Every structure is written in C-alpha cells, then in structure tokens.
C-alpha cells in the first residue's frame with residue numbers, strides 16, 4: 001500500500017531550504033549576543049548633587065542614528081548648555097573620539113556623564129578618564145532617568161527621519 005505513494009527524493013537545494021527554515025527560529029527569552037559593557041556603573045551610584053541640578057557640569061549623552069552604516073549625532077545635554085557632535089559611524093571608538101573632541105575645550109565644566117546602555121558607549125572608561133569625569137549608565141528602558149536629554153532631542157534638534165543621511 002505504501003508503494004503507491006510516490007516519494008520524491010530531496011534535492012540538495014530542497015534540503016538546504018528545509019534546514020534553513022527551521023534553523024532560523026525566533027529564540028524567546030534569549031540574551032543579547034553582542035556582549036556587555038564592562039565595568040559599567042549604575043545611575044544609582046551617581047552623586048545626589050546631580051539630582052538637585054545645582055551645578056553646571058553634569059552631562060547626559062545619547063546618539064541619534066541616521067542611515068545604517070552612516071553618520072551618528074552624539075548629543076550632549078547639560079542643564080544650561082547643549083552640544084552636538086558628529087561621529088562618522090556608531091562604533092564605540094568613533095563616538096568616543098567625537099565626545100572627547102566636543103567636551104575637551106570645556107573639560108573643567110564636566111563632572112559626570114550619564115549614558116544609555118548602547119554599545120557605542122563601551123569605551124566609557126576611556127573618555128571618562130580623558131575628561132576626568134565619572135560615567136554612569138541609566139537603567140535599561142527607563143528614558144525618564146535622562147529627562148534633560150530627551151527634552152533636548154525633541155525640542156532643540158530637528159531629528160531627521162529614520163534611515164536618512166545625517
């Protein structure tokens with residue numbers, strides 16, 4: 001009875017297609033495979049004077065990403081001062097260089113830097129030591145911890161549409 005069913009032999013391309021479909025499953029609950037930022041200090045350990053906003057020199061840092069593989073805006077927001085730097089791409093060394101070039105002229109006015117958890121801030125120890133400042137990281141998915149930065153990005157910069165060239 002089974003002989004009446006014609007089974008076509010799988011060709012190599014059919015096998016490859018079948019295997020590739022089932023290998024590319026969504027992995028629920030998987031962790032980030034791009035690595036972790038080493039020696040990051042939580043925003044919980046930031047001095048309380050930063051919350052009071054009574055001094056100049058407590059900066060919040062973020063990036064605005066343009067087209068994939070293109071330039072990145074490094075936005076630096078302080079309570080009274082706003083600075084924008086342009087990095088050629090989103091790599092940590094490019095963002096580090098743009099950040100240091102933007103803040104080095106006013107190094108005496110840099111006490112703390114608060115970043116999000118993007119991999120572009122992986123060299124945080126390097127730019128913190130160059131600027132002689134402390135670097136802290138906000139909790140994931142809690143943008144309100146860097147409220148001045150978000151307000152600055154919405155209000156003072158004309159953020160280009162996604163995937164546009166900067």
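Any read-out appearing in this document is the output of simple, stated calculations on the displayed coordinates, not a laboratory observation. Bear in mind the structure is a predicted one, so any value in this text is a computation, not a measurement. All Cβ positions, glycine included, derive from the backbone under ideal geometry; neighbour counts span all protein chains shown.
Taking 0.36 nm per intervening residue step and subtracting the Cα-Cα distance, what contour gain separates residue 107 from residue 132 on full extension?
Working it through step by step, the gained length comes to 8.2 nm.
Length gained on full extension, residue 67 to residue 43: 5.6 nm, using 0.36 nm per residue less the C-alpha separation.
Neighbour counts of other Cβ atoms within 10 Å put 45, 124, 111 in the fewest-to-most order 45, 111, 124. In terms of Cα atoms, the Rg and Dmax of segment 43-155 work out to 12.9, 39 Å. Each of 52, 78, 126, 120 was scored by other Cβ atoms within 10 Å of its Cβ. Listed from fewest to most, they are 52, 126, 78, 120.
Taking a point 7 angstrom from the Cα of residue 84 along the C-beta vector, which residues in segment 45-76 have backbone N less than 11 Å away? Under cut-off, by backbone N: 64, 73-76.
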